[in-house]
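**Student:** Take this structure, written in structure tokens, and hold onto it; I'll ask about it next.
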């Protein structure tokens, strides 16, 4: 297990290094810099602009900037954010927990709903209900995140004002009792988490159904039935555990999709997470903040991949981590 974790950590460090390096190089090789918009929109003294560039080190050769960037990244320091006028670490410290809350909730919901729906479909293979739910899940899986988010927003925040339309908490959240604060945060979480989880659950259901249909004809399932085990127990206790392996592997691959989807969903629902911060950073060419969001995103993907590998070994005893 230790050797496995060590190899995965080294591999993850390489992935993070490549992602951060590509982010740095692409931003710096593009024409202009973070002060280009300011120069075009206001007739500032060139000496002032030159001093700004010198303060942030943009007047130095790109290789020197890159080496300094790597040194700062190694210590978790991405420098000051030009847009927010505070350290990037402070900006991300406020945004990352919000994104983790949203993604974690969506990930749990999507695998619970998708796994249950896939198992339910497999138990009714070929029936009318199976065909209807299969077609519906295919349609939902093909929908864009922003379209589904807007539909849920119009339905459940505008037409039927059941849930809040934006933000993560009420403006007077700090005045609520503890229980009311938890409920308020959960109500704000429903629509963005539901948008992400419905899209993922539709795809997971199709994978889970196919995996179960491969497992159900196998010998150990027939043996359980021959011993008089009930069909429901055969499905949920025997077949499902062996059919979870492809779904668990899919969990590790879902994180990049969820991070990408969170960018659209957070903007639609004004959720104050990393996706919203990343969009503003890219629009403003805030180099330090773009690098910080890129590295944090890569870290989340690497951690998710390692957790998926560990869960894979736990679900399938035939897998041995060496």
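**Student:** If residue 65 meets every condition in (1) surrounded by 12 or more Cβ atoms within 10 Å (Cβ to Cβ); (2) under 26 Å from the mean Cα position of the chain (by Cα); (3) in a helix (DSSP H, G or I); (4) modelled with pLDDT of 80 or more apart from one, which number is that one?
**Tutor:** (2)
**Student:** Here's something else I'd like to know. Quick one: which of 113, 199 is touching a helix residue (DSSP H, G or I) at 6+ places or on another chain (Cβ under 8 Å) and closer than 25 Å to residue 95 by Cα?
**Tutor:** Checking each option against the conditions leaves just 199.
**Student:** Right, something else. Among the residues of segment 91-106, are any touching a strand residue (DSSP E or B) at 6+ places or on another chain (Cβ under 8 Å) and either within 25 Å of residue 275 (Cα to Cα) or modelled with pLDDT of 85 or more (or both)?
**Tutor:** Yes, segment 91-106 has at least one match.
**Student:** If you go through segment 73-90 one residue at a time, how many are in contact (Cβ under 8 Å) with a residue 60 or more places away in the chain and either part of a loop (DSSP other than H, G, I, E, B) or closer than 13 Å to residue 281 by Cβ (or both)? Quick ask: steps written out before the conclusion?
**Tutor:** Here is the first cut: in segment 73-90, the ones in contact (Cβ under 8 Å) with a residue 60 or more places away in the chain are 73, 78-84, 88-89.
Okay, now just the ones that are also either part of a loop (DSSP other than H, G, I, E, B) or closer than 13 Å to residue 281 by Cβ (or both), so 78-84, 88.
Here the count works out to 8.
**Student:** Does segment 297-310 contain any residue that is within 30 Å of residue 170 (Cβ to Cβ), within 15 Å of the chain's Cα centre (by Cα) and buried (at least 17 other Cβ atoms within 10 Å of the Cβ)?
**Tutor:** Scanning segment 297-310, I find at least one residue that is within 30 Å of residue 170 (Cβ to Cβ), within 15 Å of the chain's Cα centre (by Cα) and buried (at least 17 other Cβ atoms within 10 Å of the Cβ), so the answer is yes.
**Student:** Looking only at segment 167-190, how many residues end up being surrounded by fewer than 13 Cβ atoms within 10 Å (Cβ to Cβ) and not in a helix (DSSP H, G or I)?
**Tutor:** 3
**Student:** Count, please, the residues in segment 130-146 that happen to be outside any loop (DSSP other than H, G, I, E, B) and exposed (fewer than 12 other Cβ atoms within 10 Å of the Cβ).
**Tutor:** 3
**Student:** Additional query: Taking only segment 47-62 into account, find how many residues are surrounded by fewer than 12 Cβ atoms within 10 Å (Cβ to Cβ) and either at pLDDT below 70 or assigned to a loop (DSSP other than H, G, I, E, B) (or both).
**Tutor:** Residues flagged as surrounded by fewer than 12 Cβ atoms within 10 Å (Cβ to Cβ) and either at pLDDT below 70 or assigned to a loop (DSSP other than H, G, I, E, B) (or both) within segment 47-62 amount to 1.
**Student:** Determine whether residue 179 is over 24 Å from the mean Cα position of the chain (by Cα) and within 30 Å of residue 119 (Cβ to Cβ).
**Tutor:** Values: over 24 Å from the mean Cα position of the chain (by Cα): yes; within 30 Å of residue 119 (Cβ to Cβ): no.
Criteria not met by residue 179.
**Student:** Could you tell me which numbered condition residue 164 fails, if it satisfies all but one of (1) outside any helix (DSSP H, G or I); (2) surrounded by fewer than 19 Cβ atoms within 10 Å (Cβ to Cβ)?
**Tutor:** (2)
**Student:** Just to check your reading of the model, which residue among 155, 138 is at pLDDT 90 or above and closer than 21 Å to residue 199 by Cβ?
**Tutor:** On the way: 138 fails: at pLDDT 90 or above.
Testing whether each residue is at pLDDT 90 or above and closer than 21 Å to residue 199 by Cβ leaves just 155.
**Student:** Only helices (runs of 4 or more DSSP H) wholly contained in segment 217-309 count here; list those with 1 or more residues that are at pLDDT below 85 and either over 30 Å from residue 79 (Cβ atoms) or in contact with a strand residue (DSSP E or B) (Cβ under 6 Å, 6 or more places away or on another chain) (or both). Break it down into steps so the answer makes sense when it comes.
**Tutor:** Numbers: elements: 219-226, 240-268, 274-283.
Here the list reads 219-226, 240-268.
The values are calculated or read from the model by the stated rules, or taken from the named source; none is laboratory data. The structure displayed is predicted, hence computed values, not measured ones. FYI the Cβ positions are ideal-geometry reconstructions off the backbone, even for glycines, and counts take in every protein chain you see.
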